[in-house]
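What follows is a short report on a single structure.
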Amino acid sequence: NAGVTQTPKFQVLKTGQSMTLQCAQDMNHEYMSWYRQDPGMGLRLIHYSVGAGITDQGEVPNGYNVSRSTTEDFPLRLLSAAPSQTSVYFCASSPSRAGAAFTGELFFGEGSRLTVL
Amino acid sequence: KNQVEQSPQSLIILEGKNCTLQCNYTVSPFSNLRWYKQDTGRGPVSLTIMTFSENTKSNGRYTATLDADTKQSSLHITASQLSDSASYICVVSASDDMRFGAGTRLTVKP
């Protein structure tokens, strides 16, 4: 099993450009989520999904869209990139499906480092 | 407001020495607490989980403790190795929330 796979690993955008960060997992996990990690701060939840066709907002959803058409894939879209979105983005999945609450372990991808100029 | 605070922010120790990392939280109602290890340029990986009824749990050279009354947890690393150099993140879950600490950056030097 590959686990959680994120692409691309690195991306540089200009302000106003759009892009999609891809996330795929092969563990048949119901729960998937996106986080951003900034220096000196804990991981912050952007959006999450408790199953195919179901998505919800996290702590910092503005400027990002998600969709969950399959169990395996959970792409994150930046509609109009801003310098404030410069960050490292992590996708994570979990076998737990208890809504936003967790008893299950989060399995993270390797991260996508995004720079917006 | 649900918060997780970790200390110290960074720590440098010599190989073979022990160290203890701290996590204080205000997350309520408490469900569980996990410690994750994040190597540079990688995603976090779970080390251990603590539930309300557990005081101590070990995973090899890593020992986590939990005091639910004072809302504190610690991660003790014994006989450190160079491979222990990483960030250690405390994650606390409530019934409807999950909060991440900013992490402690540990550097083990030879």
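The values are calculated or read from the model by the stated rules, or taken from the named source; none is laboratory data. Source: prediction; values computed, not measured. In this analysis, Cβ positions are derived from the backbone assuming ideal geometry, glycine residues included, and neighbour counts consider all displayed protein chains. Remember, those area values only see protein heavy atoms, side chains included, never the ligands or the DNA or RNA. Shrake-Rupley method; radii C 1.70, N 1.55, O 1.52, S 1.80 Å.
With unit charges on the beta carbon (Lys/Arg positive, Asp/Glu negative), name the residue among A:Tyr89, A:Leu114, B:Ala64 whose Cα is farthest towards the positive pole of the charge dipole of the protein assembly as shown.
A:Leu114
Cα convex hull of segment A:6-48: mean projected area in nm², to one decimal? Don't jump to the answer; show the numbers that get you there.
On the way: hull surface 17.0 nm².
Averaged projected hull area, Cα only: 4.2 nm².
Would you tally the net charge around A:Asp26, using a Cβ to Cβ cut-off of less than 14 Å, leaving A:Asp26 out, and scoring K and R as +1, D and E as -1?
With Lys, Arg at +1 and Asp, Glu at -1, the net is -3.
Given the convex hull over the Cα atoms of segment B:65-110, what projected area results after averaging over all orientations, in nm²?
Numbers: hull surface 16.3 nm².
Projected area, direction-averaged: 4.1 nm².
Based on alpha-carbon atoms only, what is the radius of gyration of segment A:6-85 relative to the globular estimate 2.2 N^0.38 Å?
Details: Rg = 12.7 Å, N = 80, 2.2 N^0.38 = 11.6 Å.
Ratio of Rg to 2.2 N^0.38 Å for segment A:6-85: 1.09.
What whole-number value in Å² describes the accessible area per residue of chain B for a 1.4 Å probe? Please list the in-between numbers first.
Numbers: 5280 Å² over 110 residues.
The answer is 48 Å² per residue.
Measuring from centroid to centroid over Cα atoms, what is the spacing of segment B:47-107 and segment B:1-46 in Å?
The distance from the Cα centre of segment B:47-107 to that of segment B:1-46 comes to 5 Å.
Restrict the search to segment B:6-58; then list the chymotrypsin sites (Phe, Trp or Tyr not before Pro) that DSSP places in a loop and that have at most 14 other Cβ atoms within 10 Å of their Cβ.
Counting only loop positions with at most 14 other Cβ atoms within 10 Å, the chymotrypsin sites (Phe, Trp or Tyr not before Pro) in segment B:6-58 are B:Phe52.
If you build the convex hull over the alpha carbons only and average its shadow over all orientations, what do you get for segment A:45-117? Give it in nm² to one decimal. Please list the in-between numbers first.
Working: hull surface 19.7 nm².
The orientation-averaged projected area of the Cα hull of segment A:45-117 comes to 4.9 nm².
Among B:Ser85, B:Leu75, B:Ser46, pick out the residue whose Cα is farthest towards the positive end of the charge dipole of chain B, where Lys and Arg carry +1 and Asp and Glu carry -1 on C-beta, about the Cα centre.
Highest projection toward the positive end goes to B:Ser85.
Pick out, from A:Leu13, A:Trp34, A:Asn65, the residue whose Cα sits farthest towards the positive end of the charge dipole of chain A, with +1 on the Cβ of Lys and Arg and -1 on the Cβ of Asp and Glu.
My answer, from the dipole projection, is A:Leu13.
Place a +1 charge on the Cβ of each Lys and Arg in chain B and a -1 charge on the Cβ of each Asp and Glu, then give the dipole magnitude about the Cα centre in debye, rounded to the nearest 20.
Details: 11 positive and 9 negative charges, 56 e Å.
Dipole of chain B, to the nearest 20 debye: 260 debye.
Averaging sequence separations of C-alpha pairs under 8 Å and six or more residues apart, then dividing by the length of segment A:1-109, give the relative contact order as a whole percent.
Numbers: 251 pairs, mean separation 34.9, N = 109.
Relative contact order here is 32 percent.
Determine the sum of side-chain charges near B:Gly41: Lys and Arg each +1, Asp and Glu each -1, restricted to other residues whose C-beta is under 14 angstrom from that of B:Gly41.
Values: positive: A:Lys9, A:Arg113, B:Lys37, B:Arg42, B:Arg105; negative: A:Glu110, B:Asp39.
Cβ neighbours under 14 Å give a net charge of +3.
Tell me, what are the semi-axes, in whole angstrom and largest first, of the equivalent ellipsoid of segment B:36-86 as set by the roots of 5 times the Cα gyration tensor eigenvalues? Before the final figure, lay out the partial values.
Working: eigenvalues 98, 32, 16 Å².
That gives 22, 13, 9 Å for the three semi-axes.
How many percent of all Cα-Cα pairs in the protein assembly as shown sit more than 23 Å apart?
Details: 12281 of 25651 pairs.
Value for the protein assembly as shown (Cα pairs over 23 Å): 48 percent.
For chain B, list the cysteines whose Cβ sits under 4.7 Å from no other cysteine Cβ?
That list is B:Cys19.
What translational diffusion coefficient, in µm²/s and rounded to a whole number, does the Stokes-Einstein relation yield for chain B at 4 °C and a viscosity of 1.567 mPa s, taking the hydrodynamic radius as the Kirkwood radius over Cα pairs? Please list the in-between numbers first.
Numbers: Rh = 13.8 Å.
Result for D is 94 µm²/s.
Using only protein heavy atoms and a 1.4 angstrom probe, determine the accessible area buried between A and B, summed over both sides, in Å² to the nearest 100. Don't jump to the answer; show the numbers that get you there.
Working: alone 5970 and 6020 Å², together 10540 Å².
Answer for the A-B pair: about 1400 Å² buried.
Give the total of Lys-Lys pairs in chain B with Cα-Cα distances below 25 Å; include a pair only if its members are 8 or more places apart or on different chains.
Working: B:Lys1/B:Lys71; B:Lys17/B:Lys37; B:Lys17/B:Lys57; B:Lys17/B:Lys109; B:Lys37/B:Lys57; B:Lys37/B:Lys71; B:Lys37/B:Lys109; B:Lys57/B:Lys71.
Taking the Cα cut-off of 25 Å, the pair count is 8.
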